[in-house]
Amino acid sequence: MKPFLTGHEELIHDIKYDFYGKHLATVSSDQHIKVFDLDSTTSSWILNDSWKAHDSSILRVSWAHPEFSSSKILASCSFDRTVKIWQEQPDELHGSGRRWSKLVTLAIESYAPIYDVVFAPNHLGLKLGCVGSDGIFRIYESVEPSDLSQWALTSEIPILNSSLPAKSLQSSFAIEWCPSKFTTTEKFIVVALDQGFIYGTKPGGGKDDLQNSPRQQSPLQQQLEQQPQSQQESRYIKLGNLPEHNGLIRSVSWAPSMGRNYHLIATACKDGYVRIFKAIETAKGDLKIEILAKLNDHKSEVWRVNWNMTGTILSSAGDDGNLRLWKCNYLNEWKCMSVINTSNRSDNRGIEVEPK
């Protein structure tokens, strides 16, 4: 795969592949979203379209699973305090600025910038979560699958019990859904500053349990409007915390289970550490959390972590300009198996070259 210029005029905040890895979306402080298509014959990325999507810096972008629509769907969030959902219009020309149309604007209840938006795994139905610096995690759900412009706010969960961070200070908020289909209840992680919280539906209760997934019981607008707010919030309970972070948590990633009877969760922290947690579901329904590894090979702030499809290899990226790949050996120790240098001092194979 060849490196390429995106054409953004400001800092790029997020890059996401679609489900098949053939399309790429980027967002930037220039308030634009750009979508690229992979040309398999030349292994190069071709611009699908670019458009001004928000009135301020765009921080995150997320793809919906392709099973919900014949056209691709994106969600984006911004400092302008909104979440917007976009749908591709295949009849429009590439690069016309009209190929992606806005379906709906969400998070209008928020009075603070939205830092992250993520679609839920497809087995939970068409829903997404977003979190902003107001410290509230919101879940929106598609009301009618045939009309993707109709969404309803189904839950609001206050995350921060203490006072909100000052606007002049750095903040970090993130979301990660549990990707496993075989867990007993719906679970997700919400990161707020230097704290990570794991939430889930109550075992045996709540319409979002996997036994009563939205695929079988799609929510109706009338029912959601009549549902008391206290009842909405009570659907989710806190299952555990991710401890021992000494700085802002920049990223969190939940590993696919692939038959394991426990969960693996990784975080990237401003204190320079990559942390790997093991979460075991107890008979009471909560999670027992333990730290498996604290890795500081980056020697600088770590910005992103991400698991591979089998949950066996973890990648991390930091201010040292390196992408590191981690794997657990036969002694149950996490070791760096490869370092990919991304600086200008690398040759075309990504191998670090010593300065002359």
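Quick grid of which residues meet (1) assigned by TED's automatic domain parsing to the domain that holds I85; (2) among the small types (G, A, S); (3) loosely packed, with under 14 Cβ neighbours inside 10 Å:
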| position | (1), (2), (3) |
| --- | --- |
| D18 | yes, no, no |
| S40 | yes, yes, yes |
| D49 | yes, no, no |
| K52 | yes, no, yes |
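Hey, among the residues in segment 59-73 that are buried (at least 17 other Cβ atoms within 10 Å of the Cβ) and of a type in the set (D, E, K, R), which one's farthest from the chain's Cα centre (by Cα)? Ranking the candidates gives K72 first. Report yes if some residue within segment 81-94 is under 16 Å from P145 (Cα atoms), in contact (Cβ under 8 Å) with a residue 60 or more places away in the chain and surrounded by 15 or more Cβ atoms within 10 Å (Cβ to Cβ); otherwise report no. Yes, because at least one residue in segment 81-94 is under 16 Å from P145 (Cα atoms), in contact (Cβ under 8 Å) with a residue 60 or more places away in the chain and surrounded by 15 or more Cβ atoms within 10 Å (Cβ to Cβ). Exactly one residue among G259, G285, G247, G272 is without any contact (Cβ under 8 Å) to a residue 24 or more places away in the chain and not polar (S, T, N, Q), and that residue is G259. Scanning segment 312-322 for residues that are over 17 Å from D271 (Cα atoms) and surrounded by fewer than 20 Cβ atoms within 10 Å (Cβ to Cβ) gives T312, I313, S315. Look at segment 102-114: where a residue is within 14 Å of G129 (Cα to Cα) and at pLDDT below 90 and a partner is crowded, with 16+ Cβ neighbours inside 10 Å and not β-branched (V, I, T), sitting 6+ places away or on another chain with Cβ atoms under 6 Å, you get A107/C130; S110/R81; S110/G132; S110/D134. Among the criteria (1) part of a strand (DSSP E or B); (2) buried (at least 21 other Cβ atoms within 10 Å of the Cβ); (3) not basic (K, R), the one N306 does not fulfil is (2).
The values are calculated or read from the model by the stated rules, or taken from the named source; none is laboratory data. Quick caveat: nothing in here was measured; it's all calculated off a predicted structure. Cβ sites come from the backbone with ideal geometry, for glycine too, and all protein chains shown count toward neighbours.
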